[in-house]
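K.L.:
Input: one structure, supplied below.
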C-alpha cells in the first residue's frame, strides 16, 4: 500500500498560495506570489530532499499545469539528484474531475477523482507526495487518506489566500517525527498519522453558579 504525504509550504496564518512566484497563482487578487523564495536556504533544501525520496507526485489539475509548464524546461545542471530531473522522470498523477487536462508531460497519469485515488493508494508503489494542490489536499483530508504531513512554516503573515486546512477534515491526531528550524526562521515539521483525538476536562466537579449560567447561555446561543 502506498502512503499519501502532504508536502506544504505555509505562512504563519496558514496560506499556501503561490509560494514560488508572482505568476504562479494570482487568483482572487493574491499579490504576494513568491513569498517563500527569500526564505529558501540550505536547511530548507535538505528537508525537501527528505520528502522527495522514493516518490511519485500527486497533484491537482491547477498545480499540475504549473509544474508541466515549468519543470520540463528547467535546467538544473543535469545532476542525478537534480529536482528537475526527478520530476521529469517519475510518475505524475493528476486528479481532475473534468478530465480536461493535457497529460503530455512524460510519465503523467490522469485520475478522475477520489475513487481512482483510493484504488491507486491500495497498490504497491512509491509514496504519493503532494505539492500545492489546495483543493486536492482538502479532499484528501476530508476522505481520511493522508498518512503523513510535512509542513514548512515560513515566518510571514499574508492576510489571506488559499489555505492548507479547511473545515471538514477527518479528525485525527498526528505525531511529530522530526523537526528543524532553518537559518531564515522557517519551522519545518514532519508528522505521521497518529490515532484518535484524545480529550481531557479541566473543569471542576462542582461548577460555580456563574459557570452554570455561562453554559446555559452558550446552549441558547448555539
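K.L.:
Go through (1) surrounded by 11 or more Cβ atoms within 10 Å (Cβ to Cβ); (2) on the phi > 0 side of the Ramachandran plot one by one and return the number of the condition residue 188 breaks.
P.N.:
It fails just one condition, (2).
K.L.:
Look through the range 77-94, keep the residues that are assigned to a loop (DSSP other than H, G, I, E, B) and surrounded by 13 or more Cβ atoms within 10 Å (Cβ to Cβ), and return whichever of them is modelled with the lowest pLDDT.
P.N.:
Of the residues in the range 77-94, the ones assigned to a loop (DSSP other than H, G, I, E, B) are 77-82, 90-91.
From what's left, surrounded by 13 or more Cβ atoms within 10 Å (Cβ to Cβ): 82, 90-91.
Values: 82: 81, 90: 95, 91: 97.
Restricting to residues being assigned to a loop (DSSP other than H, G, I, E, B) and surrounded by 13 or more Cβ atoms within 10 Å (Cβ to Cβ), the top hit is 82.
K.L.:
Counting only residues that are free of Cβ contacts under 8 Å to residues at least 40 places away in the same chain, in contact with a strand residue (DSSP E or B) (Cβ under 8 Å, 6 or more places away or on another chain) and within 29 Å of residue 28 (Cα to Cα), give me the strands (runs of 3 or more DSSP E) lying completely in the range 141-222 with at least 1 of them. Break it down into steps so the answer makes sense when it comes.
P.N.:
Details: elements: 148-154, 174-181, 187-193.
Result: 187-193.
K.L.:
Considering each of 28, 3 in turn, give the residue that is in contact with a helix residue (DSSP H, G or I) (Cβ under 9 Å, 6 or more places away or on another chain), surrounded by fewer than 21 Cβ atoms within 10 Å (Cβ to Cβ) and farther than 17 Å from residue 154 by Cα.
P.N.:
Values: 28 fails: in contact with a helix residue (DSSP H, G or I) (Cβ under 9 Å, 6 or more places away or on another chain).
None of the others qualify; the one that does is 3.
For every residue, the table says whether it meets (1) touching a residue at least 40 places away in the same chain (Cβ under 8 Å); (2) exposed (fewer than 15 other Cβ atoms within 10 Å of the Cβ); (3) closer than 21 Å to residue 123 by Cα.
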site	(1), (2), (3)
47	yes, no, no
62	yes, no, no
66	yes, no, no
75	no, yes, no
96	no, no, yes
101	yes, no, no
104	no, yes, no
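K.L.:
Now, a different point. Just the residues that are touching a strand residue (DSSP E or B) at 6+ places or on another chain (Cβ under 9 Å) and assigned to a loop (DSSP other than H, G, I, E, B), please, taken from the range 104-140.
P.N.:
Hits for the range 104-140 are 105, 106, 107, 112, 113, 125, 126, 132, 133.
The values are calculated or read from the model by the stated rules, or taken from the named source; none is laboratory data. What you are looking at is a predicted structure, and each value in this text was computed from that prediction instead of being measured. Don't worry about glycine lacking a Cβ; one is built from the backbone with ideal geometry, like all the others, and counts go over all protein chains shown.
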